[in-house]
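*Asks:* Take this structure first; my questions come after.
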Amino acid sequence: MIKQIIQYPTPLSVEFSTDVRQFDETLFSLIEDLKDTMNENNLQGLAAFQIGSYYNVAVVKDENGEILELINPRLINHKGRVTTEEKTAYFPGRSANIERYEEISIVYQKRDGKDASLRASGALAVVIQRKIDYTFGATFLHKMGKDQKDLFERGVDIGLSDYCPTSFNRDKILKVINFLLIVMLFNFIASFVVDASETLATMWEYQLYGSYGALLLNVIYFFYAQYEGKRYNSCSSCQIGNIIGTTLVSLVKLALLMGLSYSSM
């Protein structure tokens with residue numbers, strides 16, 4: 001039976017596929033659905049994830065047009081690198097140059113449950129790697145570098161809401177805040193070896209200016225971080241807590257440092 005292929009803007013899952021344990025009619029029906037849907041859409045391969053099933057199953061066409069049924073596939077070895085232009089059904093009409101392994105070895109199971117292995121190279125190796133990506137809830141977007149993602153984002157008019165990055169531009173603001181706090185800490189420590197009242201007064205002024213700067217940067221960080229976080233809907237709930245927590249910790253550090261400085265200068 002022909003199934004509908006998941007496409008943007010339906011969010012991508014970040015869940016792993018579930019390995020097949022029961023080799024029964026339910027599995028066989030899923031495989032047939034994958035074949036029918038793949039042929040109907042003139043594709044070289046299709047993973048179960050792409051039609052809404054979380055089972056670790058994929059079908060691909062080999063060099064001779066024969067359909068390989070890959071159940072619980074695992075990449076166990078690879079060799080070489082190759083960059084090819086890829087398309088994905090998730091972003092219809094879009095393509096990108098992606099680096100892949102040139103040759104791969106995989107293990108998988110057949111529909112009768114027996115173990116099997118396969119070595120592939122060239123186009124077949126690329127297709128298999130792409131389908132295995134789907135078992136991790138990913139498309140080629142997750143293989144791109146930051147600059148390439150930005151270009152792709154502009155071309156497809158999306159906000160990268162389908163995954164949660166590990167670094168943000170707001171982290172740069174945090175680095176400046178932390179650097180400023182470290183400078184203020186050294187200024188505070190230095191005050192213990194200074195006796196001249198005029199020098200201490202000057203050092204206190206530096207602490208005040210530093211605290212104003214750190215406070216302003218914290219405000220900027222708080223609001224910019226929320227603005228940036230809205231681009232990543234799939235992890236926005238955890239981001240808000242992190243943003244608030246990070247800001248509070250930074251302000252507590254600043255308050256403690258200024259309190260100690262006030263009492264000693």
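The values are calculated or read from the model by the stated rules, or taken from the named source; none is laboratory data. All figures in this text were calculated on a predicted structure; none of them were measured in a lab. Backbone-built Cβ (ideal geometry, glycine too); neighbour counts: all protein chains shown.
*Asks:* Going through the range 190-203 one residue at a time, which ones are surrounded by fewer than 16 Cβ atoms within 10 Å (Cβ to Cβ), hydrophobic (A, V, I, L, M, F, W, C) and in a helix (DSSP H, G or I)?
*Replies:* Passing the criteria: A190, F192, V193, L200, A201.
*Asks:* Which pairs do you get when a residue that is without any contact (Cβ under 8 Å) to a residue 24 or more places away in the chain and closer than 14 Å to S121 by Cα, found in the range 61-82, comes within reach of a residue that is exposed (fewer than 14 other Cβ atoms within 10 Å of the Cβ) and of a type outside the set (F, W, Y), reach meaning Cβ atoms under 8 angstrom, with the pair 6+ apart or on two chains?
*Replies:* R81/E99
*Asks:* Can you go through K35, K61, K3 and tell me which one is among the charged types (D, E, K, R), outside the structural domain of G113 (by TED's automatic domain parsing) and more than 26 Å from the chain's Cα centre (by Cα)?
*Replies:* K3
*Asks:* Which one of the conditions (1) surrounded by fewer than 15 Cβ atoms within 10 Å (Cβ to Cβ); (2) modelled with pLDDT of 85 or more does G155 fail to meet, given that it meets all the rest?
*Replies:* So the condition that G155 fails would be (2).
*Asks:* Same structure again: Applying the selection to the range 47-66, what residues are closer than 22 Å to T18 by Cα and assigned to a strand (DSSP E or B)?
*Replies:* Passing the criteria: A47, Y55, V57, A58, V59, V60.
*Asks:* Something else now. Please list, ordered by first then second residue, the pairs with beta carbon atoms under 8 Å, 6 or more apart or interchain, first in the range 105-125 and on the phi < 0 side of the Ramachandran plot, second part of a loop (DSSP other than H, G, I, E, B) and surrounded by fewer than 13 Cβ atoms within 10 Å (Cβ to Cβ).
*Replies:* Taking only residues 6 or more apart or on different chains, the pairs are A123/E63; L124/E63.
*Asks:* Considering every residue within the range 77-84, establish whether at least one is within 17 Å of Q44 (Cα to Cα) and modelled with pLDDT under 95.
*Replies:* The answer is yes; a qualifying residue exists.
*Asks:* Any residue at all in the range 33-46 that's assigned to a strand (DSSP E or B) and not hydroxyl-bearing (S, T, Y)?
*Replies:* Yes, there is a match, as at least one residue in the range 33-46 is assigned to a strand (DSSP E or B) and not hydroxyl-bearing (S, T, Y).
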